[in-house]
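**Student:** A single structure is presented below for examination.
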Amino acid sequence: MDIATDLLDKQAQLRPNDTALVDDTAGRELTYAELDQRASAMARALREELGLSAGDRVAMLAQNSAEFFELLFACAKAELILVPLNWRLAVPELTYVLEDCEARAIVFEDMFAEQVSALRKTFADLVPVRLGESHDAGEQSFESLIAGNPGRYVMPERMLGDTWYVLYTSGTTGKPKGVVQTFGMAVFNHLNIGVPQDLTARDTMLNVLPFFHTGGINLLAMPTLIVGGTVIIVKTFDPPRVLELLRDRASVFFGVPAIYQVLIDHPDFDGEALSGVREWACGGAPMPYSVLKRYADAGIHIRQGFGMTETGPTVFLMGRERLLEKLGSVGLPQQYALARVVDEKGNDLPDDTVGELWVKGPAITPGYWRQPEKTAEAITPDGWLRTGDLARCDADGYFYIVDRSKDMFISGGENVYPAEVENVLYNHPGVAEAAVIGVPDERWGEVGLAVIVARPGVDVTAEALREHCQGQLARYKIPARFEFTDALPRNAGGKVVKPQLREQYIP
């Protein structure tokens, strides 16, 4: 059967008094019964009071809060589609997304009132709903809508393939695309990561990633809610508070490499004090080996994984047994994921040969929102997703992400994978962050340019870094140029935005 049940209504029946959400910033907690009551009230308000119809899109412009999950489950119950907006975007970028998804309503918090006011000049029929109490005429109040529409509201029978929400990609290579997310993707993502991590109702997961990103929703907040555990929500990433919550309350944590690096560099970091966290996981970008080793030395073993917005997201997860033996691997394809490494024609490649990673399974998106051409480009007729990532698979079946295909460059006829060079640079004690791009060169075609963020108080030079690379990298892989900066541009998923670096450093 492909029936999707009302996940929240079920949990409210099974464990009504257990804590579902802890909104750390707002200082409030919600049991499963309370969360279901509020989601039910909002579902009724959206359909009956605001007049939205099944399939309509509801946008949300807000930083992390419990209201996100109230609205997410309300949309499920009301047969609406949620579109979480990246609150870092400028108004013209938000305009594009709202036009593309044709949103009927927008839920927002106070800090984004100015942006919403500007958007309403373009979208006259867009219904604005302010979190908390409304201040302006023409707005609805989130709290008033909930208070005025009490009573249980159960999701009608729906299918696993039905669209639940749409996540827009960061758009670093062009206009953002809306990646359709289904009920089935949530279920199979849980089976691919919640089950191997032994998530249960006794777990408390600390979420630090933004909810407009698949990591914020699905790694591991949604799997934790599926099993009836507790999710702690922090509004934004605050290192001292995160370390405090990890020490005192959390049992499960997921972060991107940039977050892990900030935490271990913080003066409050104490590996022994964090022994209550039984599961540490990482994804979103390659984790530098040096950072993995520093955590291991502190008694914390981080399980790397890999996925994309298009894959639910979990495809790979590293097992506990071979973490240090297979350092740098993202692990094995999980229960409901298939993976291949192929050449330009889609033919399978031998072990330890670099090629494009293709993945397949029931957690793969059905496609991009109203973009059949883009969907056909990304997904083969027999269901394989072309990831655009370069990978290799060893003789034991463990996968390694080498780099994004668009980031690889050719120097003197040789392929250079920036991630490999970056890992070597991260091993230098003076390097806090490193990003390598290919830049034009008259003699070699392209050479490497390394953009470096130095550790505070450490004097590091281009000559020292070049010397550090010698003996660890072939000569053609060693960056020809080094530039120093205060910070690298990153998107919400923690990935360095290399197109921005190219614009800055390539004339």
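Values in this text are rule-based calculations from the coordinates and carry no lab data. Predicted model only: the values in this text are computed from it and were never measured. No Cβ is skipped: glycine too gets one built from the backbone with ideal geometry, and neighbour counts run over all protein chains shown.
**Student:** Would the stretch 409-505 count as rounded, prolate or oblate if I go by the C-alpha gyration tensor, calling it rounded below 1.5 in a/c and otherwise prolate when a/b exceeds b/c, oblate otherwise? Provide the component values of the computation, followed by the final result.
**Tutor:** Working: a/c = 1.75, a/b = 1.17, b/c = 1.49.
Verdict is oblate for the stretch 409-505.
**Student:** Under 21 Å between alpha carbons, and skipping anything fewer than 8 positions from residue 326 in its own chain: which lysines qualify?
**Tutor:** Cα-Cα hits under 21 Å: 293.
**Student:** Sequence neighbours fewer than 8 away in the same chain don't count; with that in mind, list the lysines whose C-alpha is under 19 Å from residue 77.
**Tutor:** 10
**Student:** What is the sum of charges, Lys and Arg at +1 and Asp and Glu at -1, for the other residues whose Cβ falls under 14 Å from the Cβ of residue 127? Could the numbers behind the result be given before it?
**Tutor:** On the way: positive: 47, 57, 104, 120, 130; negative: 48, 49, 56, 102, 125, 136, 139.
Neighbourhood net charge equals -2.
**Student:** Here's another thing I want to ask about it. With θ taken as phi - 60° and the coefficients 6.51, -1.76 and 1.60, list the Karplus ³J(HN,Hα) couplings across the stretch 114-127 in order, rounded to whole Hz; mark glycine and proline as x.
**Tutor:** 3J(HN,Hα) across the stretch 114-127, in whole Hz: 5, 5, 5, 4, 5, 5, 5, 5, 8, 10, 5, 8, 6, 7.
**Student:** Further question: HN-Hα J couplings of the stretch 404-418 from phi, Karplus 6.51/-1.76/1.60, θ = phi - 60°, integer Hz, Gly and Pro as x?
**Tutor:** 6, 4, 6, 8, 5, 9, 10, 10, x, x, 10, 6, 10, 9, x
**Student:** Suppose the chain between residue 162 and residue 415 were pulled fully straight at 0.36 nm per residue; how much longer would it get relative to their current alpha carbon spacing? Display every interim value, and only then the final one.
**Tutor:** Values: separation 253, 0.36 × 253 = 91.08 nm, distance 4.21 nm.
Gain in length upon complete extension: 86.9 nm.
**Student:** Modelled label-to-label distance, residue 18 and residue 102, 7 Å Cα→beta-carbon offset: nm?
**Tutor:** Going by the 7 Å Cα→Cβ label model, 4.1 nm.
**Student:** Moving on to the next point. Taking DSSP loops as anything outside H, G, I, E and B, show the longest stretch in the chain free of trypsin sites (Lys or Arg not before Pro) there with at most 14 other beta carbons within 10 Å.
**Tutor:** Details: sites that count: 88, 152, 202, 278, 320, 322, 345, 370, 406, 443.
That gives 1-87 as the longest site-free run.
**Student:** Would you mind counting up the charge near residue 201? Only other residues with Cβ under 10 Å from its Cβ, with Lys and Arg at +1 and Asp and Glu at -1. Let's see the in-between values first.
**Tutor:** Numbers: positive: 15, 202; negative: 18, 203.
Once all neighbours under 10 Å are counted, the net charge is 0.
**Student:** Taking H placed 1.01 Å from N in the peptide plane, check which residues at least 5 places from residue 303 or on another chain put their amide H under 5 Å from its amide H.
**Tutor:** So residue 303 has HN proximity to 280, 281, 282.
**Student:** Follow-up question, since we're still on this one. Give the shape of the stretch 392-458 as rounded, prolate or oblate, defined through the alpha-carbon gyration tensor: a ≥ b ≥ c are the square roots of its eigenvalues, a/c under 1.5 means rounded, and otherwise the shape is prolate if a/b is larger than b/c and oblate if not. All intermediate terms of the calculation are to be shown ahead of the outcome.
**Tutor:** Details: a/c = 2.79, a/b = 1.10, b/c = 2.53.
Oblate.
**Student:** Here's another thing I want to ask about it. 5 Å is the cut-off here: which amide hydrogens, built 1.01 Å from N in the peptide plane, fall below it relative to residue 168, excluding neighbours closer than 5 in sequence?
**Tutor:** 179
**Student:** Quick one: which residues, 5 or more positions from residue 107 or on another chain, have an amide H under 5 Å from its amide H? H modelled 1.01 Å from N in the peptide plane, none for Pro or chain starts.
**Tutor:** Result for residue 107 returns 59, 60, 61, 129.
**Student:** Please work out the Cα center distance from the stretch 184-203 to the stretch 123-172, rounded to the nearest Å.
**Tutor:** 26 Å
**Student:** Also: Compute the FRET efficiency between residue 351 and residue 486 as 1/(1 + (r/R0)^6), taking r as their Cβ-Cβ distance and R0 = 56 Å, and round to the nearest 0.05.
**Tutor:** On the way: r = 42 Å, r/R0 = 0.75.
Computed FRET efficiency for residue 351 and residue 486: 0.85.
**Student:** Nearest 500 deg cm²/dmol is fine: what mean residue ellipticity at 222 nm does the chain get from its DSSP H runs of n ≥ 4 alone, each adding -39,500 (n - 2.57), divided by its residue count?
**Tutor:** Values: 16 runs with 138 residues, N = 507.
Helix contribution divided over all residues of the chain: -7500 deg cm²/dmol.
**Student:** How big is the chain in terms of Cα radius of gyration and Dmax, in angstroms?
**Tutor:** When restricted to the Cα atoms of the chain, Rg and Dmax are 23.0, 72 Å.
**Student:** Please work out the C-alpha center-to-center distance from the stretch 344-395 to the stretch 254-280 and express it in whole Å.
**Tutor:** For the stretch 344-395 versus the stretch 254-280, the Cα centre distance is 33 Å.
**Student:** Would you kindly derive the ³J(HN,Hα) couplings of the stretch 205-220 from the backbone phi angles with the Karplus curve 6.51 cos²θ - 1.76 cosθ + 1.60 (θ = phi - 60°), listing them in order in whole Hz, with x for Gly and Pro?
**Tutor:** 9, 9, 9, 10, 8, x, 6, 8, 10, 4, x, x, 7, 10, 10, 10
**Student:** Moving to a separate point now. Would you mind ranking 185, 318 so that the residue whose beta carbon has the fewest other beta carbons within 10 Å leads the list? Mind showing how you got there, number by number?
**Tutor:** Values: 185 29, 318 25.
Placing the least packed residue first, the sequence is 318, 185.
**Student:** Can I ask one more? What's the longest uninterrupted piece of the chain once you rule out the GluC sites (Glu not before Pro) that are loop residues per DSSP with at most 15 other Cβ within 10 Å?
**Tutor:** Result, exposed sites excluded: 158-320.
**Student:** Next question. Just to verify a number: FRET efficiency for residue 442 and residue 377, C-beta to C-beta distance, R0 = 35 Å, to 0.05?
**Tutor:** Details: r = 34 Å, r/R0 = 0.98.
Efficiency, from the Cβ-Cβ distance: 0.55.
**Student:** Can you find, among 447, 267, 3, the residue farthest towards the positive end of the dipole of the chain? Put +1 on the C-beta of Lys and Arg, -1 on that of Asp and Glu.
**Tutor:** Value computed over the given set: 3.
**Student:** Where the centre of each part is set by its Cα atoms, how far does the stretch 463-507 sit from the stretch 31-74, in angstrom?
**Tutor:** 44 Å
**Student:** Nearest-5 percent of antiparallel DSSP beta bridges in the chain? Walk me through the numbers before you get to the answer.
**Tutor:** Details: 48 of 85 bridges.
About 55 percent, rounded to the nearest 5.
**Student:** State the dimensionless ratio Rg/Rh of the stretch 32-182 (Rg: radius of gyration of Cα atoms; Rh: Kirkwood radius). All intermediate terms of the calculation are to be shown ahead of the outcome.
**Tutor:** Numbers: Rg = 14.7 Å, Rh = 15.5 Å.
Using Cα coordinates only, the ratio equals 0.95.
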